[in-house]
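Only one structure is covered here, and it is reproduced in the block below.
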Amino acid sequence: ISAISEGRRDRIRRRSMGFVFQSVALISLMSAYENVEFALRVAGVRKGRRRRAESCLNFVGLRNRMHHRPGELSGGEQQRVAIARAIAHRPSLIFADEPTAELDTHMALQVMKLFRDLVNEERATVIMTTHDPNMMELADKVYTLEDGQVVEVIDNDLSANGNGGEPAQSEPDAAEQPEPPEQPAPAKQGEVSEGRNRVTALLKKVKVIFTRVQRPRKRERRVAQSAVSGGGNRVAALLRKVKGIFARKSARKGEPDDTV
């Protein structure tokens, strides 16, 4: 490829390759349908653009949102529009630069399912870069790069599972299954009666303890009441003494005893 002219490389990228960018890179002034239809114009498709654009948006589950602009779509919906745009001209090779980096786990799995459907139905090859180990488990082959060098190659061979490209869940071996816990033997009638008697005796002891605790509190309240009544008697005696003093003073001056 490096030996051919720049014009031929441009035609190969435009017609045989599709690109899904990490930043989505949708045209904000165009609707979802217009973004996909514009990619068909760039690829040189002249006939059936409308039908193909609607088919691609329906493939990614956005047929009812095709006339919305990117600002009116969620992050997962924008990413699906970008996928529809990348596959609209039926490329044989699709490059996806961390397409799930800005998505939550649920949306990321939806995007990966779309890629699996592209491989199975459109017969396309998807080359995706990612740092998410969960996404790596859904790929047929994983190349691990370190400092620009391939250090590990893992062949998941998902197509051999026969379940649509999704990893098969192995059933546990019967020998490895843990034994069910032993159920306790039912208690006899005599043991139940004895247990009830013990509970009743404990409740009686608790009642006695609470009664002992409450008795000092009653005594304290009685002492407090007697102290209040004693204090009231002292105040009354003082008031009588004051009244007597004023009575004597008024008697000396010949005034009536109305002072107090």
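No value in this document is a laboratory result; all are computed from the given coordinates. Treat the numbers as computed from the prediction; the structure is a model and nothing was measured. Backbone-built Cβ (ideal geometry, glycine too); neighbour counts: all protein chains shown.
Quick rundown of the values:
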quantity	calculated
Gyration tensor verdict on the stretch 60-125 (Cα atoms; rounded if a/c is under 1.5, prolate if a/b is larger than b/c, oblate otherwise)	oblate
Net charge of neighbours whose Cβ lies under 14 Å from the Cβ of Gly75, counting Lys and Arg as +1 and Asp and Glu as -1	-3
For the stretch 1-118, diffusion coefficient by Stokes-Einstein and Kirkwood Rh (Cα), 20 °C, 1.002 mPa s, µm²/s	148
Charge context of Arg13, other residues only, Cβ under 15 angstrom, K/R +1, D/E -1	+4
